[in-house]
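The structure appears below as structure tokens.
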Amino acid sequence: MKIVLGIDDSVHSEAALHFVRTMAWPKKTSVIVVSSVPLPAAMLTAMVPVTGIEVGVLMRELTGIHTQWAARGEKTLREAGLAADARVIQGDPREVLTEIAKEEHADLLVVGSHGRSSLPELRLGSVTSHVVAHAPCSVLVVKPGGSKA
């Protein structure tokens, strides 16, 4: 079985990592831990002039942070006996996760649910909602507190 796990620094992501780590998966299951470095033009336009930070410096710093998150997830899963590989990819997390699942022929895509919206149809959050609708495989949405394993 091949699993793609989307990860960031949220408690929702931590819940998804915990879920994957504690489940009994079939032998030879492998997990690709993915952290996406978003490139929102609005963020760059707003931050760079105000802070004086060069775009290249900002991207290196963001990539370094995402690399730490992904590496920590990979280490956690390896310590639990799972084959794991960390990847950091620049781009919109919605597209990055669905594309990596497609390219890797994943059997399952696991994400945490941020649930930031008060509108019932948007409660999953924009990334999770997009992934559920567009992933080429099954999607498991993990909520914090859902599994006490």
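The values are calculated or read from the model by the stated rules, or taken from the named source; none is laboratory data. These figures come from a predicted structure and were not determined experimentally. Because the Cβ atoms are built from the backbone with ideal geometry, glycine has one as well, and the counts that use them run over all protein chains shown.
So in region 68-105, with the set limited to residues that are small (Gly, Ala, Ser) and closer than 17 Å to Thr29 by Cα, which one is surrounded by the fewest Cβ atoms within 10 Å (Cβ to Cβ)?
Gly81
Tell me which residues, restricted to region 6-23, are outside any helix (DSSP H, G or I), modelled with pLDDT of 95 or more and either closer than 16 Å to Glu79 by Cα or among the acidic types (Asp, Glu) (or both).
Met23
Which members of region 4-43 meet the condition of being among the charged types (D, E, K, R), touching a residue at least 24 places away in the same chain (Cβ under 8 Å) and out of contact with any Phe, Trp or Tyr (no Cβ under 8 Å at 6 or more places or on another chain)? Give the derivation first.
First, the residues of region 4-43 that are among the charged types (D, E, K, R): 8-9, 14, 21, 27-28.
Pick out the ones that are also touching a residue at least 24 places away in the same chain (Cβ under 8 Å) and you get 8-9, 14, 21, 28.
If the condition is that a residue be among the charged types (D, E, K, R), touching a residue at least 24 places away in the same chain (Cβ under 8 Å) and out of contact with any Phe, Trp or Tyr (no Cβ under 8 Å at 6 or more places or on another chain), then Glu14, Arg21, Lys28 are the ones that fit.
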